[in-house]
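The values are calculated or read from the model by the stated rules, or taken from the named source; none is laboratory data. In this text the structure is predicted, and so the values were computed from the model without any measurement. Cβ coordinates were reconstructed from backbone atoms using ideal geometry, including for glycine residues, and neighbour counts include every protein chain displayed. The protein model used for the area step is the full one, side chains on, heavy atoms only, and it has no ligands, DNA or RNA in it. Shrake-Rupley method; radii C 1.70, N 1.55, O 1.52, S 1.80 Å.
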Amino acid sequence: NDAFNAYGECQKLGGLRVDYPAYQQAILQGLMGRQADKILSLERFLTRYRGSEFWETAVLELMGASHNEGLPAKSLAYADTLEWVKPASQLMPSAWLIKGLILYQQDQVQPAIDQYTRLLSKYPQLPQASEALAMLRVIYAEQNRPEDYLVMRRDLGLGTPADSEMDTLRFQSAEQAYNRGDCVRARNEVGEYLSNYPNGSFHLYARLIRAQ
């Protein structure tokens, strides 16, 4: 509270850097558990300080706060705002990563895949690309689409994944079908898994699923 009040006093004094205490006050509201207040403060910040060096960071914070408050549409809208206003922003990879996660959680599977693939294509060397690739592995396994994962890697020039990675992905795909109660698909995918990896890391569990 002391820090929050101190930043408030700084704003009253005015000056060239009045945007900084305004931004910090919004962040402190989030740290104090006042997410709704943080959102309102950041929205005011975006309107009042369009030229601030913290404007892009404020948009990213708004994405996260809106997502935490169960406002996915608002979070997605701010991702689009950042791309429209600051298309060359260094925070774009992080914004795209958050956007992909929100789309995935909203069961917008193909848009999520497209978002993660876009990130991988444009920013292949950044840490966010590794996170996007990990999410794509999860999605393709859940969707029982290991072959599409291979095609995606080839199209992006990522090369063929290691055998251990495909071992895991193919088994996870079969396991997802089994967990959903899709016995026919699970049996077929387990059979394909064992055909490709008869001594794979999950071959014992795969045989157990097939036996059931």
Problem - Complete set of residues in segment 141-155 that are surrounded by fewer than 15 Cβ atoms within 10 Å (Cβ to Cβ) and either closer than 16 Å to D114 by Cβ or touching a Gly at 6+ places or on another chain (Cβ under 7 Å) (or both) - result: D148, V151, D155
Handout entry: Filtered residue count, segment 79-93, keeping only those that are in a helix (DSSP H, G or I) and either closer than 20 Å to V18 by Cα or open to solvent by 60 Å² or more (accessible area, probe 1.4 Å) (or both)
Key = 3
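Looking for whichever is touching a Phe, Trp or Tyr at 6+ places or on another chain (Cβ under 6 Å), buried (at least 19 other Cβ atoms within 10 Å of the Cβ) and over 30 Å from R207 (Cα atoms) here; the options are L97, L101, L136, L119. Which one fits? Even if it seems obvious, please write down each step before you answer.
Values: L97 fails: touching a Phe, Trp or Tyr at 6+ places or on another chain (Cβ under 6 Å); L101 fails: touching a Phe, Trp or Tyr at 6+ places or on another chain (Cβ under 6 Å); L136 fails: over 30 Å from R207 (Cα atoms).
Just one listed residue meets the conditions, L119.
For segment 19-72, list the helices (runs of 4 or more DSSP H) that sit wholly inside it and hold at least 1 residues that are over 22 Å from the mean Cα position of the chain (by Cα); which are they? Reasoning before the result, please.
Working: elements: 19-31, 35-48, 55-68.
Ranges flagged: 19-31, 35-48.
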Practice task
Scan segment 102-122 for residues that are within 15 Å of R137 (Cα to Cα) and either in contact (Cβ under 8 Å) with a residue 40 or more places away in the chain or aliphatic (A, V, I, L, M) (or both) and jot them down.
Solution key: V109, A112, I113, L119, L120
Problem - Residues within segment 33-78 that are of a type in the set (S, T, N, Q), within 23 Å of D107 (Cα to Cα) and crowded, with 18+ Cβ neighbours inside 10 Å, tallied - result: 2
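Every residue, every condition in (1) within 30 Å of P124 (Cα to Cα); (2) within 22 Å of the chain's Cα centre (by Cα), yes or no:
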position	(1), (2)
Q143	yes, yes
P146	yes, yes
L150	yes, yes
G157	yes, yes
R170	yes, no
R180	no, no
S195	no, no
F202	no, no
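Looking only at segment 202-212, which residues are in a loop (DSSP other than H, G, I, E, B) and under 16 Å from A141 (Cα atoms)?
F202
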Exercise for the section: Starting from segment 186-212, take each residue that is touching a residue at least 40 places away in the same chain (Cβ under 8 Å) and list its partners that are in a helix (DSSP H, G or I), counting only C-beta distances under 7 angstrom and pairs at least six apart or across chains. Expected result: E189/S173; E189/A174; E189/A177
